[in-house]
Amino acid sequence: MRIILIIIGCCIGLMGYSQLNQEIKENKEGWTTLTYHENGQVSTEIFRTKDPSYGAQGFAKIYNNQGDLIYGSPISHSAQIISVNFKFYENGAVKQINYSEHPDGGIQWCRKWIYLNDAGEVIKEDSQSWDDSIGL
């Protein structure tokens with residue numbers, strides 16, 4: 001009986017965590033992942049290309065809850081390797097941008113962390129790069 005009560009308590013506790021409203025669309029060019037604000041406006045748009053050619057790029061964009069573009073970056077898996085990942089508030093707004101760049105797969109690299117409030121305004125930025133690290 002005690003185990004059943006523990007399981008029920010855990011299930012009720014987990015009900016407070018909501019999932020983001022997210023949609024993935026595919027077409028002949030690639031995949032677009034859309035995440036939405038609570039009010040139904042698009043929060044993020046990430047396009048990943050199907051193009052296998054060297055240097056082909058997609059993009060990552062962030063919109064505020066009014067629909068205004070507040071951030072954009074190319075993303076790529078070859079040549080200028082760039083990735084962007086987002087962390088979200090429960091209302092669908094972006095909380096943190098994690099940007100990573102590794103040009104040409106060489107020794108140079110750059111990472112940026114951008115922190116936003118739930119209105120989409122930048123409140124803090126941090127970065128780290130090859131140039132910041134101890135050289136040979």
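Structure values in brief
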item	result
Every residue from the range 94-121 that is in a loop (DSSP other than H, G, I, E, B) and in contact with a strand residue (DSSP E or B) (Cβ under 6 Å, 6 or more places away or on another chain)	Trp109, Asn117, Gly120
Number of positions in the range 107-130 that are of a type in the set (S, T, N, Q) and either touching a His at 6+ places or on another chain (Cβ under 8 Å) or closer than 13 Å to Ala93 by Cβ (or both)	2
Enumeration of residues in the range 83-93 that are within 15 Å of Phe59 (Cβ to Cβ) and in contact (Cβ under 8 Å) with a residue 24 or more places away in the chain	Val84, Phe86
Which listed residue is hydrophobic (A, V, I, L, M, F, W, C) and surrounded by 15 or more Cβ atoms within 10 Å (Cβ to Cβ), from Ile123, Ile107, Ile114	Ile114
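Read-outs: derived from the displayed coordinates by stated rules, not from any lab. Keep in mind that what you see is a predicted model, and the values were worked out from it rather than measured. Cβ sites come from the backbone with ideal geometry, for glycine too, and all protein chains shown count toward neighbours.
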